[in-house]
Structures are given as structure tokens and as C-alpha cells.
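Each remark here refers to the structure printed beneath this line.
The values are calculated or read from the model by the stated rules, or taken from the named source; none is laboratory data. Being a predicted model, the structure only gives us computed values, none of them experimental. Glycine also receives a Cβ, built like all others from the backbone with ideal geometry; neighbour counts cover every protein chain displayed. To get the accessible areas, we keep the full protein, side chains included, count just its heavy atoms, and leave off ligands, DNA and RNA. Shrake-Rupley method; radii C 1.70, N 1.55, O 1.52, S 1.80 Å.
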Protein chains: 2
Amino acid sequence: MSTVGKSLYSRALRGFSTSGYNYTKLSSSHIDYFRSILNNNEVITNSDEVQPYNEDWTKKYHGKSELVLKPNSTDKISKILKFCNDNSLAVVPQGGNTGLVGGGVPVFDEIILSLRNLNKIEDFNVNTGVLTCQAGCILEELNNYLRDHSYEVPLDLGAKGSCHIGGNIATHAGGIHFVKYGPLRANILGLEVVLANGNILNLSSTVRKDNTGFDLKQLFIGSEGALGIITRANINCLRLDKYSRVAFIECRSFKEVLKIHNMAKSLLGRNLSAVEFMDRNAYQSVVENIPNVHKPFEMPKAEDMEVSYALVEIAGSQPLDDIEEQFFSALDQEKLLDRCVIGENVAQTQAIWQIRESIATASAHMGSFLIYDFSLDINEWETFLVDMRKKVGPLGFVKGYGHVGDGNIHVNVIPYNKQDMEKVVNLIEPYYFAWLKEKRGSISAEHGIGFMKANKMHYAKDENVIEYLKQIKAAFDPKNILNPKKILPYK
Amino acid sequence: MSTVGKSLYSRALRGFSTSGYNYTKLSSSHIDYFRSILNNNEVITNSDEVQPYNEDWTKKYHGKSELVLKPNSTDKISKILKFCNDNSLAVVPQGGNTGLVGGGVPVFDEIILSLRNLNKIEDFNVNTGVLTCQAGCILEELNNYLRDHSYEVPLDLGAKGSCHIGGNIATHAGGIHFVKYGPLRANILGLEVVLANGNILNLSSTVRKDNTGFDLKQLFIGSEGALGIITRANINCLRLDKYSRVAFIECRSFKEVLKIHNMAKSLLGRNLSAVEFMDRNAYQSVVENIPNVHKPFEMPKAEDMEVSYALVEIAGSQPLDDIEEQFFSALDQEKLLDRCVIGENVAQTQAIWQIRESIATASAHMGSFLIYDFSLDINEWETFLVDMRKKVGPLGFVKGYGHVGDGNIHVNVIPYNKQDMEKVVNLIEPYYFAWLKEKRGSISAEHGIGFMKANKMHYAKDENVIEYLKQIKAAFDPKNILNPKKILPYK
């Protein structure tokens, strides 16, 4: 869906006009106002310093913002937004800038509101496991803090070292342990949100059950900054697992992956922590492009496209010996145990996970590429991948991987020739979006809509649903100053 | 919060006026229209037959509706609502009529729209565990169906024999296994909803991850029928646990209950399925009022108010021997094992659960009573109960029980003298609502707001939050025909 690396598209984006929206052009008097309410280091106007905020990490989206604001309090954010709303200045909220669909960077000259300085851990209740923190806290830093209390945030994803919890909530991030944690929204107990007009909504709560009115905070979870800016969260954290084990298995076919998934579900129950998949090409891309990566299996021949890999994680608060024995006996009966490597300690476990987590990085090493993020019945994955490889044919390298445990498949397509990028896009889009709609899948499982898929929303939602989404946007942000041209279709 | 049994309040409710709302009085021509689009048995006008729909099961709320419609399709509901909206006829949707806050019965002469005939199980995917069913399916019947596939709906509550899944979703029901399942909304993948104007919103989805726009369906989960009528749901069902064990423990004090809860959390991890509590009075009420109930412990003396009871359920897909041994050894070390009964088979397990599940029924046997439903830090429960017993003093019998595992406490107060009901209410309300607000608890953990607490919402939400809730209501139901005077404050 999004094109990673410098693509043919980036030029088009640079010149993006603001036509259709009546925004005010940023002036020095506006900046004077911001300086009057913020500290010096919270206002960035130097173009070199602004530049990294204008670009997403995939280098695909390039905004033209001239101002970054990095307020360190909710009150300051409230004042900024009230002023922007009164003066019709567009704003893009930005967390760790790790998104894949252009949701967190400007697409024209919006003011960038960075949450980086809003990064305090405010409270952790060891009895209830409820963490209260500001939106700019980095996911990994929260987990570093919680580890001392034997707790963890119920979310895990590759970008954990730089993504912000506020951005995770605003995009309803999924990740590699969805099987274990369930959806993030199930563990977000409360939020503080600043609306476009500067109004601060106190939706905070530290209790697990609270049935008092429509659950307004749910709207902000996954709203991609278009309804309000999340400034604080109350999170129901989970006890750290004391025991865990990772197995990585080479399969002769995707059918074996499905078999392993079924065995894992029925034998491991609640101790099943993750089931991941990668195809032959995904494995090859990692082996060939990631330095010093662990290579537990010989690379299969190019024609052995059916070879697939499954990663299974077992975890729990009790020793797992019995449950592991049953699972590995089952693997053995299916003649899979001799093609299985097991992480025996932390280092080995991390080495196995690194193979899985390096797939997107490996694609980036190979050149400009397209990254897709679909929800699709796992029984359809094989047919889908075979079909896509056929469709792309000699134009590009297609690799499939993803979260078997929750039905979320990723596909990367790397054109052999950069000039074919647009041709490849046209082969894939909108063909597979329409196909997914028919199959009742999703065109965005976890990456979100952002700028990239805003005008593809009709493949996800009926027209009358989109109308209500627009009404909700209008209720919270009538002047459309918050993250314009994102998440909702635009002209 | 709600007064169960015939109370002093019921008279006041009978005469409830519609002033302030410009609804049309139901006429024979309206009924003619309904007859023209519905089958004969879907239109009830006989007052004797209408009567049970006018009253909630606690006999507290008494509507004056003259018409019950029981359509068997979404299209019929769409036509009904369009007509009601065009003609300004108020409507109350009704599921199994098992609510405790007057949310599902008329409070004046609204048309009752019963979902009873919308009760088909439409699909179950054994690979993914996703159930698709209509809103009027009874929870227990869904589980009877799913049992053959070794699955269950991730919700369990006392009313399971009559409550509808649509009502469960519309009220975001909690229940006795929240520790095991998490919040219901985490497992609702999709909904079909009919809006006030008859518009059918297709929010259905059978995939677990779907980040495509603001998650509109979340608004309807817990909206108590005031934003739209849920007609169909896609539910992520869970594998049935193959093994489970229930322990019921007599504790010398509430501190021992907290200790057991801590041990259970840290030793049982994901195999912890429920931790429930009841105080001495709750146990007494069951023992004295429920025929043939299992009585594992002698009744403590009246002055032994500190005696408390804990119920712990352990469950999993694997044999629990090791984990049980550890937990029971820990109980033994705390000298609790000799005051512990363990369900060794299905019958014994059910007998133990019956004690817990009969508490509200036992209150009803004792007379008119008040039932409260709070979220409150479990470390505050003891102080709170002692304080409330002191406050009510000689006027009534106070019993406390609830879900320790998720912080949801219930209190029943049964006045010794029916005439003191109002006096007792005034001692408790709004004192504890204000106290809970200060303590960051919730005035409704799982029962919802309904009619009962609609004008108490300021104890739950800030004024500016309530304003946005009203805006959302206005966006979906501008003529306020759906469940008026429920969930939102009214005049």
C-alpha cells in the first residue's frame, strides 16, 4: 500500500496543494504568538531542524512545513490548538514518526505538533497494573520502566524503540503479539484528549469496567489524530510472562503452516503467544540482506516456492515443560521436529525473532518497495500469494509474511526495475482492494489509512458509513484543522 | 442504584410525562401501517400481552406502551424506524429485558421494539471461531450451539438464560468471567445497526484486525439503544477450556481475600478465570433464602462481620495439576486450605457457583432492595463497606459482593422497613456517587446508565464530555426517537 524508499510518487506529493481548504498561511505573527506561550526549545523554525519532521521514515512522504512545535504540557497544546483553530492553521500531530501510510507527516505546509516533550510516566499502580503516562512516552521505555515491576504494556511491534504510546493508541497499533494481548483498545482504560478548539476532554479512568455513557474514548483510538490529540493514557498493563519459548519451523508448504497453527491453537490454548509466517522469498531476503542474522536453515532452491516458515511462541507464568512436550510431540508426529529450531535462552530467542522482525528492513535494503497490510482469512493466503506472484510476474520480487495467529498478512513487492514501480502498482491496485472487499478482508489490518489510503476508503466502508465518519469529524473538528487529507476521503 | 421489587418510586414512574418532547401520540393509522409491513404475530396490541414488555424484571419500571413490534428481519426494523422517525414516534428497543437500570423498558408510552424474533445463528467458522448471529439470540442458546464445536461466547453472566446477545452488546455487559474474557468490545468484530431514520449501517467484519477509519461500531457497543438498534453481530468466540477448577474459601477478613487475589494473579497467570468475593451478609442471605443451596461453611455469628468469602476459578486447555498444586500449597501456607472447598466435578462446581450467582435473587427474596454497581479500587472495598453499613445503620441490611478480579463491587441494601426506602436512598445517594467520583471509581461498572442514572451522569463525566455525547446522539438520532430519557441527562 505504501511505497517505501524513494519512489516515483514522491515528486507528486511534494507539490501537494491546499486547494479546497481555506487555511491561513503561516506568518511571523503566528510564530510570535507560539513563542509567547512556549519555551525557546519548543519552537523550531530552522529549516534543517524542521526537515526530519517533514519526512516519514520510509522517505516516501515529504511535507513542506516551516514550523515544529514541541510543547511539554497539555495546557500548552490546548492553547496552540485554540489559536490554530481561531486562525485556521492546519496541524499534523506527530509521535515517533514510524507510521507506514503517511499519517504522521505533513502533506502540505501544516504546522507539525510533535508530542516528543510530553513524555512523563506519571503513575504506576502495582496492585492494579494500571499505568498513567503522557502520550510522547516511547513504548520500549515504558517497558523498561515496567520490567522492574514485572509488568509490560500489552503491545509489541518492530518500531518499539522509537514509536510513541500516543501514536500507538491514535493508530490502534497491532503488532506481533496480538494473539497474546488482543486489541490494544481492550486495555486502554482512559485518555486525555485535546480537541481542535483547545477543549480538553477528560476521558481518563483507571478502572477496568466503566459503563457510563457512549464510550467516547473509543473514537479517538484509531482516529489517526484527525479527531483530537491524545495527550495522556491510562493503560491496563499485563504481568510479564516468566517463561517463554520460541520455535522456528521450516515447512514444505503453507498447508504445514496451517497445520502448525491449528495444533498450536488447540494444544497451547492461552499459552499461545504468537504464530508468525514467512514465505521462501521473505526468508531469502533476510538471509541475503541482514548482516549477521541467524540462518537456521539452508536456503531452498528458487523453484521451491512452496517452502514456508512458521514461528510459534509459547509463554506463561508457569513452567511450560508439559505443554511444550505435547506440542513438540505433535510436531514430531507430523515429521516437523527435525526441521525445527528452538530458542533455548534469551539470545537464541531474540535471534529467531530477529529473522521475522527484519523482513521489512530487508525489503528496504533491496530498493524501493510497496508494502501491503491486509486482513484475510488464512485459508486464502496461499492462493492469494500465488496469484500475486503471477500477476507481478517478471516485474518484481514478491514476498509474503505476517501474523497467522490473527489473520494479518503483509506483502512487500520490490520491482526489479525502479521505473516499473507505477506499472506494478497498477497491477496490484485497485484489483486486490476490490478482491479483499469481496472476500470480507480488510485493506488495512494494522497500518491504518493515513494519507495513502484516504481515497481508498470505499474499499473498506460503505458510502453511508463514510458519511457518518465525516459527520463525526465535523462534530469534533468543524474547521478541519487536524490532520487534513488523512483517514477520510478528500478531494 | 436501582431499586428492585415494588418500591416507593414505582408510582412516580408510572405517571412519567413526555413533556419537553414533541412525540406523536400513537394512533390506529400508525398501527395499520405496522400491520401492513409485518406479520400478524409480529404486532401486539392486546394490553395483557403487552404488559410483560412494559415492566422490567425487577418490577421497578412500569411503562405505558400500547404496542409491541417483534419484527423478524433487519429490513422490517428499518421500515419501522423510518416510519417512527418520519412520524415522531418514540421507540424503546428491548432484548431479553434483564437490565437493572430501566434501560430496556418504556418510561412513558414509547413503542416497544422487541428483538425476540431476530434470533437466527447465521454462520460459524470453525477455523477462525467467528460467530455471526442476529441480535435476538439468547446467550445460553449461542453457547449450547457453540459447545459442539468446543467454542464459547466470551461473556458469562447470571441472566444468560434469557438475555439477548444484542442487548449484551448494546449495554456492554460485564459479568463473572471478565478476568478470563476481557471486555466484550474486544471480541465484537462487526455489527449491523439500524439508525433512527431507518438507515442500515453495515459495520460487519469477520477479521480480527481492521484499522480502516474511526471505529464507529465502538459507539454502538454500550450505547443502550440510544444511537441505533443492533441487529446482527460478528463475534470472536473462544475455545472452550478443557479443564477447570473452582475453589471457595472462607476468609477471616477481607485482607485474606486480597491476599488470595494476589496469589491467584501471580501463581495462576492466564489460567486465572475468576476471583469473586462475598461478605458475611451476602453469604447469609443466600444460605437463608435460596432453597437447596450448597452450604459449605457454618454461618458465622452476626458480630463476625469481618468474615469474607473468596471464589477462585482456574481454567485452561491443559491439565491444571501443577498449577493447582502450587496455588493450593500457597493457600495452605496461609492456613486457608482447611477452610477451602474445591469443586471436584461439574455438579460440585455448579453448586459453588450457585452460591455466588444467587446473591441478587436472595436479596429479592428479602424484599424491596437497592442494588449498586461500582468500580472501585479493591483496596478501598473494606473501608467502603464498613462505612456504608455504618451509614445505613439500623435502617437496613447491607451486603457486599462482586468481582475482585476486575474491581467491580455490588452492594445490595434491603431496608428492614419498606417505608424507610427513601430515607435509605437519601443516606446513600448522592453521597457515594460524589465519593466515587473523587476516588476515580465508576457509578456504573457494568449495569449501565439506563433511565435510573441518566440524570446522575455528572458523577461520571465532565460537563464538556456530556456535551459531546449529546452531539453524537444528535448526529445519529436528531429527533431523539430512540430510547429517550435513557443514558443521557434529560429534563
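Points to keep in mind about this one:
- Failed condition for A:R270, given (1) in a helix (DSSP H, G or I); (2) open to solvent by 30 Å² or more (accessible area, probe 1.4 Å); (3) more than 26 Å from A:R208 (Cβ to Cβ): (3)
- Of the helices (runs of 4 or more DSSP H) entirely within region A:279-370, those holding at least 1 residues that are open to solvent by 30 Å² or more (accessible area, probe 1.4 Å), small (G, A, S) and within 14 Å of another protein chain (Cβ to nearest Cβ) occupy A:321-333.
- Screening B:D241 against (1) at the interface with chain A (Cβ under 9 Å from one of its Cβ atoms); (2) out of contact with any Ser or Thr (no Cβ under 8 Å at 6 or more places or on another chain) leaves a single unmet condition, (2).
- Here A:F108 meets the list (1) in contact with a helix residue (DSSP H, G or I) (Cβ under 7 Å, 6 or more places away or on another chain); (2) over 15 Å from A:I235 (Cα atoms) almost entirely, failing just condition (1).
- Filtered residues of region B:411-436 (kept if assigned to a helix (DSSP H, G or I), of a type in the set (S, T, Y) and open to solvent by 50 Å² or more (accessible area, probe 1.4 Å)): B:Y431
- Residue match in region B:220-227 (condition: surrounded by 24 or more Cβ atoms within 10 Å (Cβ to Cβ), among the acidic types (D, E) and at positive phi): yes
- Residue match in region A:237-244 (condition: assigned to a strand (DSSP E or B) and buried (at least 21 other Cβ atoms within 10 Å of the Cβ)): no
- Per-region count, region A:312-339, residues of a type in the set (A, V, I, L, M, F, W, C) and within 26 Å of A:P154 (Cβ to Cβ): 6
- Test: residue in region A:211-221 that is in contact with a Cys (Cβ under 8 Å, 6 or more places away or on another chain), modelled with pLDDT of 95 or more and farther than 20 Å from A:K76 by Cβ: no
- Applying the criterion of being out of contact with any Ser or Thr (no Cβ under 9 Å at 6 or more places or on another chain) and either assigned to a loop (DSSP other than H, G, I, E, B) or under 20 Å from A:F178 (Cα atoms) (or both) to the residues of region B:199-220, the residue that is farthest from the other protein chains (Cβ to nearest Cβ) is B:L216.
- Candidates are the residues of region B:164-198 that are in contact with an Asp or Glu (Cβ under 7 Å, 6 or more places away or on another chain) and open to solvent by 30 Å² or more (accessible area, probe 1.4 Å); the one that is nearest to the other protein chains (Cβ to nearest Cβ) is B:T171.
- Qualifying residue in region B:118-127 (condition: in a strand (DSSP E or B), more than 30 Å from B:H365 (Cβ to Cβ), modelled with pLDDT of 95 or more and open to solvent by less than 20 Å² (accessible area, probe 1.4 Å)): no
- For region B:147-191, the tally of residues that are in a strand (DSSP E or B) and either within 23 Å of B:M452 (Cβ to Cβ) or β-branched (V, I, T) (or both) stands at 3.
- Among the residues of region A:138-173, those identified as under 20 Å from A:N483 (Cβ atoms), of a type outside the set (S, T, Y) and at pLDDT 95 or above are A:C163, A:H164, A:I165, A:G166, A:G167, A:N168, A:I169, A:A170, A:H172, A:A173.
- Identity of the residue in region B:128-143, of a type outside the set (A, V, I, L, M, F, W, C) and in contact with a helix residue (DSSP H, G or I) (Cβ under 7 Å, 6 or more places away or on another chain), that ends up surrounded by the most Cβ atoms within 10 Å (Cβ to Cβ): B:G136
- In the set (1) modelled with pLDDT of 95 or more; (2) open to solvent by 20 Å² or more (accessible area, probe 1.4 Å); (3) more than 14 Å from chain B (Cβ to nearest Cβ), A:K255 fails one condition alone, (3).
- Of all residues in region A:374-392 being open to solvent by less than 30 Å² (accessible area, probe 1.4 Å) and assigned to a helix (DSSP H, G or I), the one that is nearest to the other protein chains (Cβ to nearest Cβ): A:I378
- One residue alone among B:K461, B:K470 is within 13 Å of chain A (Cβ to nearest Cβ), closer than 21 Å to A:L201 by Cβ and outside any helix (DSSP H, G or I), and that residue is B:K461.
- Highlighted here are the helices (runs of 4 or more DSSP H) found entirely within region B:5-65 that include at least 1 residues which are open to solvent by 40 Å² or more (accessible area, probe 1.4 Å), at pLDDT below 95 and not aromatic (F, W, Y): B:9-14.
- In the condition set (1) within 14 Å of chain A (Cβ to nearest Cβ); (2) touching a Pro at 6+ places or on another chain (Cβ under 8 Å), B:A274 is compliant with all but (2).
- Taken over region B:66-82, residues that are in a loop (DSSP other than H, G, I, E, B) and open to solvent by less than 40 Å² (accessible area, probe 1.4 Å) amount to 4.
- Residue in region A:100-119 that is of a type in the set (D, E) and within 26 Å of A:S444 (Cβ to Cβ) present: yes
- When B:S150 is tested against (1) more than 14 Å from chain A (Cβ to nearest Cβ); (2) surrounded by fewer than 22 Cβ atoms within 10 Å (Cβ to Cβ); (3) among the small types (G, A, S), exactly one condition is not met: (1).
- Residues being under 24 Å from A:G102 (Cβ atoms) and over 22 Å from the mean Cα position of the chain (by Cα) - total across region A:193-245: 3
- In this structure, A:R280 does not qualify as under 21 Å from A:G400 (Cβ atoms), touching a Cys at 6+ places or on another chain (Cβ under 8 Å), in contact (Cβ under 8 Å) with a residue 12 or more places away in the chain and among the charged types (D, E, K, R).
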